[in-house]
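Okay, structure first, notes after.
The values are calculated or read from the model by the stated rules, or taken from the named source; none is laboratory data. Everything numeric in this text was worked out from a predicted model, so none of it was measured. All Cβ positions, even for glycine, are placed from backbone atoms using ideal geometry, and neighbour counts span all protein chains on display. These area figures cover heavy atoms from the full protein model, side chains too; ligands, DNA and RNA do not enter into them. Shrake-Rupley method; radii C 1.70, N 1.55, O 1.52, S 1.80 Å.
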Amino acid sequence: MRILSLLGSPRANGTTHTMARLIAGGLSGGGAVEEIALQGRHIRPCRGCQSCSAAPHVCPLAQTDDAEAVFAAIAAADVVLWTSPVYFYGLPAQAKALVDRSQRIWAGVEAGRPAGKGPLVLAALAAARPRGEQLFTGSLLGLKYFFASFGARMADTRTLRGLACPGDLLSRPDLCADLERWGRDWAVRLAEGRP
């Protein structure tokens, strides 16, 4: 089983990166996990030029940055673990840029090209803010339709509040254990063919 951990934070080794390592450890049983940190990738924002709306649905920026390599990794995975913080009720800029650049994939699907069978997706989001009824709603909806472009479905999510830094997470062993357990539970479900 090919597991891809997509790190949507602009900060290396931050809170959501720590979350990802806990979840991925349970999910993989200590096996290999491909990790792509978006903060280390060059992803230019969509210009809204509409070039991708017509066949063959190619983005003119495709040869100038890393977006297509990330898309290929998503398409090749069996399971994608997405982790990212939430800033001002939305995804961070680099993560949102990747989502927006998938417009060319969505345009192909809308034109009748089958999306194919995409990976199963687990998403874990964290926010420093401890309250807000709709704190994660926009990010989760955006991710749902982003992954739908690949024929993938969001199978499960975790949303955590009040985590401003990795220490806020690591100081709560119960929460760390819960994240590892969530990964292990999904590993069992997948091994038993119960996605």
> Which of rounded, prolate, oblate describes segment 127-195, given a ≥ b ≥ c as roots of the alpha-carbon gyration tensor eigenvalues and a/c under 1.5 marking rounded, otherwise prolate only if a/b is larger than b/c?
Replying inline: oblate
>> Let me make sure I get this right: for segment 77-195, a, b and c are the square roots of the gyration tensor eigenvalues over alpha carbons, sorted descending. Under 1.5 in a/c it's rounded, otherwise prolate if a/b > b/c, else oblate. Which is it?
In response: oblate
> Gaussian network model of the chain, Cα springs within a sub-10 Å range: biggest mean-square fluctuation belongs to which of L163, L98, L38?
Replying inline: L163
> In percent, what relative contact order does the chain have, based on Cα pairs under 8 Å that are 6 or more apart in sequence?
Replying inline: 29
> Ignoring ligands, DNA and RNA, what percent of the accessible area of segment 1-131 is carbon or sulfur (1.4 Å)?
Replying inline: 53
> What do you reckon, how do L160, L141 stack up by accessible area (1.4 Å probe), largest on top?
Replying inline: L141, L160
> Where only protein heavy atoms count, and the probe is 1.4 Å, what is the accessible area per residue for the chain in Å²?
Replying inline: 48
> Between segment 61-102 and segment 104-174, what's the alpha-carbon centroid distance in Å?
Replying inline: 11
> How much of the DSSP beta bridge set in the chain is antiparallel, as a percent to the nearest 5?
Replying inline: 5
> At a probe radius of 1.4 Å, what is the per-residue accessible area of S139, in Å² to the nearest 10?
Replying inline: 0
> If you place +1 on the Cβ of every Lys and Arg and -1 on the Cβ of every Asp and Glu, how big does the dipole about the Cα centre of segment 35-169 come out, in debye to the nearest 20?
Replying inline: 240
> Angle, helix 173-191 long axis vs. longest principal axis of the chain, Cα atoms, 0 to 90°, nearest 10?
Replying inline: 50
>> Rounded to the nearest percent, how much of the accessible area of segment 137-195 (1.4 Å probe, protein heavy atoms only) is carbon and sulfur?
In response: 52
> Got a sec? Charge dipole of the chain, +1 on Cβ for Lys and Arg, -1 for Asp and Glu; which of T83, Q134, T159 is way out at the positive end?
Replying inline: Q134
> D for segment 14-129, whole µm²/s, Stokes-Einstein with Kirkwood Rh over alpha-carbon pairs at 4 °C and 1.567 mPa s: what number?
Replying inline: 83
>> For a quick check, take a GNM of the chain with Cα springs below 10 Å and name the residue from R104, R41, R172 with the largest mean-square fluctuation.
In response: R172
> Once you list every other residue whose beta carbon is under 12 Å from the beta carbon of F146, what net charge do they have if Lys and Arg are +1 and Asp and Glu are -1?
Replying inline: +3
> How far is helix 137-148 tilted, in degrees, relative to the longest principal axis of the Cα atoms in the chain, given as a value from 0 to 90 rounded to the nearest 10?
Replying inline: 50
> Given charges of +1 on the Cβ of Lys and Arg and -1 on the Cβ of Asp and Glu, with all other atoms neutral, how large is the dipole of segment 102-187 about its Cα centre, in debye to the nearest 20?
Replying inline: 240
